[in-house]
């Protein structure tokens, strides 16, 4: 199954400036993440990195993962990564909450261990959410136009 949700034009405009190999990897990872939870809302940011955040509501605090795209690499990040069970030691980082997995090739994320971790993160976010959201499957750009 492949997600057919189009990439927001604000995001695409900046994404087009990246190396094509990085763009292709991002697009496939995005499809993979959205296929695992099609009702996710996608929040788009451009700060120190071009980032798409996947959340079970319209709030950043209810996010279960994110894909920051840097100049030459991208990561799959988990906002509450320190609270997730990670028996396969996939997660990296030293921050108080966030953990990430460096993504270099499709096999870094298209595998059973990471699929299980993403699903756990979705379940954690669902259990941790306060008031349920009625907004589902939206793409919301927070990118400031110049």
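Computed from the coordinates by the stated procedures, all read-outs in this text should not be read as laboratory data. What you see is a predicted model, and the numbers here were worked out from it, not measured in a lab. Heads up, the Cβs are rebuilt from the backbone with ideal geometry, glycines too, and the neighbour counts pull from every protein chain shown.
For segment 48-97, name all the residues that are farther than 18 Å from residue 15 by Cβ, outside any strand (DSSP E or B) and in contact with a strand residue (DSSP E or B) (Cβ under 7 Å, 6 or more places away or on another chain).
Those that are farther than 18 Å from residue 15 by Cβ, outside any strand (DSSP E or B) and in contact with a strand residue (DSSP E or B) (Cβ under 7 Å, 6 or more places away or on another chain): 56, 57, 58, 60, 62, 79, 81, 82, 84, 90, 91, 93.
Only one of 135, 144 is farther than 20 Å from residue 68 by Cα, touching a residue at least 40 places away in the same chain (Cβ under 8 Å) and in contact with a strand residue (DSSP E or B) (Cβ under 8 Å, 6 or more places away or on another chain). Can you tell me which?
Only one candidate qualifies: 135.
Applying the selection to segment 14-39, what residues are in a loop (DSSP other than H, G, I, E, B) and either touching a residue at least 12 places away in the same chain (Cβ under 8 Å) or surrounded by 12 or more Cβ atoms within 10 Å (Cβ to Cβ) (or both)?
Within segment 14-39, 18, 19, 37, 38, 39 meet the criteria.
For segment 98-132, enumerate the residues that are free of Cβ contacts under 8 Å to residues at least 12 places away in the same chain, within 20 Å of residue 31 (Cα to Cα) and not in a helix (DSSP H, G or I).
111
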